[in-house]
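Undergrad: This is the structure, below, for whatever I ask next.
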Amino acid sequence: MGKVAVVMGSTSDLPVMQEAIDVLREFDIIVDVDIVSAHRTPEKLFDFGKNAHKNGYQVIIAGAGGAAHLPGMVASLSPLPVIGVPIKSSNSIDGWDSILSILQMPAGVPVATVALNGAKNAGILAVQIIGSSNVEILNKILLYKESLKDKVIKGAKSVNSKQ
């Protein structure tokens, strides 16, 4: 079906990153989760980044707070698409340090960046990337998008019926 790695800098990032994990599982995507700190476990980071494509991953979702080097460093090492999730952490400057660290990558080292704590959208984007070459996943995305539309239409009917 597809295989995605979800990595984060520390266990404190898991509550945010759980939303990406849940989305991937909802779409029957194989997901492996790990803690890979850019600053505290650089050897593990290098091994993961250089070998992710050899391990069958199609997309990497990397979440980090504070200086947030993990997504960019993974992108510098891997040929796979990397989706960065900036996380507002306890040592964060309202999340802006994380956002800018992930967003402002140099030319040639792209990281697709979602909103602050936007792991759900990271999961959906990973599914869409896989769906671009997998018809079964593509059809699931189409159904998901239709359900979003239906939810809005039901909400509008509810609001209109109360007036």
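Undergrad: On the basis of being touching a residue at least 60 places away in the same chain (Cβ under 8 Å), among the aliphatic types (A, V, I, L, M) and out of contact with any strand residue (DSSP E or B) (no Cβ under 6 Å at 6 or more places or on another chain), does Val127 make the cut?
TA: Spelling it out, Val127 is indeed touching a residue at least 60 places away in the same chain (Cβ under 8 Å), among the aliphatic types (A, V, I, L, M) and out of contact with any strand residue (DSSP E or B) (no Cβ under 6 Å at 6 or more places or on another chain).
Undergrad: Let me ask another. Name every residue in segment 113-136 that is crowded, with 17+ Cβ neighbours inside 10 Å, outside any helix (DSSP H, G or I) and on the phi < 0 side of the Ramachandran plot, in order of residue number.
TA: Thr113, Val114, Leu116, Gly118, Asn134
Undergrad: May I pose another question? Does Gly56 satisfy being touching a Lys or Arg at 6+ places or on another chain (Cβ under 7 Å) and either charged (D, E, K, R) or in contact (Cβ under 8 Å) with a residue 40 or more places away in the chain (or both)? It would help to see each step written out before you state the result.
TA: Working: touching a Lys or Arg at 6+ places or on another chain (Cβ under 7 Å): yes; either charged (D, E, K, R) or in contact (Cβ under 8 Å) with a residue 40 or more places away in the chain (or both): yes.
Criteria met by Gly56.
Undergrad: If I filter segment 83-102 for residues that are on the phi > 0 side of the Ramachandran plot, more than 16 Å from the chain's Cα centre (by Cα), at pLDDT below 95 and loosely packed, with under 11 Cβ neighbours inside 10 Å, do I get at least one hit?
TA: Scanning segment 83-102 turns up at least one residue that is on the phi > 0 side of the Ramachandran plot, more than 16 Å from the chain's Cα centre (by Cα), at pLDDT below 95 and loosely packed, with under 11 Cβ neighbours inside 10 Å.
Undergrad: Give me the pairs: first residue in segment 90-111 and among the β-branched types (Val, Ile, Thr), second residue part of a helix (DSSP H, G or I) and surrounded by 12 or more Cβ atoms within 10 Å (Cβ to Cβ), beta-carbon distance under 6 Å, and six or more apart or on different chains, which are they?
TA: Ile102/Pro71; Val109/Ala75; Val109/Ser76; Val111/Pro71; Val111/Gly72; Val111/Ala75; Val111/Ile102
Undergrad: Another one. Pairs, please: C-beta under 6 Å, at least 6 apart or cross-chain, first residue among the hydroxyl-bearing types (Ser, Thr, Tyr) and in segment 65-77, second modelled with pLDDT of 95 or more?
TA: Ser76/Val109
Undergrad: So is Gly56 modelled with pLDDT of 95 or more, over 16 Å from Ala115 (Cα atoms) and not in a loop (DSSP other than H, G, I, E, B) or not?
TA: Spelling it out, it is not the case that Gly56 is modelled with pLDDT of 95 or more, over 16 Å from Ala115 (Cα atoms) and not in a loop (DSSP other than H, G, I, E, B).
Undergrad: Continuing with this model, one more query. Would you point out the residue of segment 31-60, among those that are β-branched (Val, Ile, Thr) and more than 15 Å from Leu125 (Cα to Cα), that is surrounded by the most Cβ atoms within 10 Å (Cβ to Cβ)?
TA: Of the residues in segment 31-60, the ones β-branched (Val, Ile, Thr) are 31, 33, 35-36, 41, 59-60.
From what is left, the residues that are more than 15 Å from Leu125 (Cα to Cα) are 33, 35-36, 41.
On the way: Val33: 16, Ile35: 15, Val36: 24, Thr41: 14.
Among residues in segment 31-60 that are β-branched (Val, Ile, Thr) and more than 15 Å from Leu125 (Cα to Cα), the one surrounded by the most Cβ atoms within 10 Å (Cβ to Cβ) is Val36.
Undergrad: Give the residues of segment 61-87 that are part of a loop (DSSP other than H, G, I, E, B) and closer than 15 Å to Ala122 by Cβ, sorted by residue number.
TA: Within segment 61-87, Ala68, Leu80, Pro81 qualify.
Undergrad: Given the criteria more than 24 Å from Asp97 (Cβ to Cβ), exposed (fewer than 14 other Cβ atoms within 10 Å of the Cβ) and not aromatic (Phe, Trp, Tyr), does Lys3 qualify?
TA: So Lys3 fails the test.
Undergrad: Quick check on segment 19-30. Is at least one of its residues over 15 Å from the mean Cα position of the chain (by Cα), over 18 Å from Ala64 (Cα atoms) and part of a loop (DSSP other than H, G, I, E, B)?
TA: Yes: one or more hits.
The values are calculated or read from the model by the stated rules, or taken from the named source; none is laboratory data. Note that the structure is a prediction, hence the values are computed from the model and not measured. Methodologically, a virtual Cβ is constructed for each residue, glycine included, from the backbone with ideal geometry; neighbour enumeration extends over all protein chains shown.
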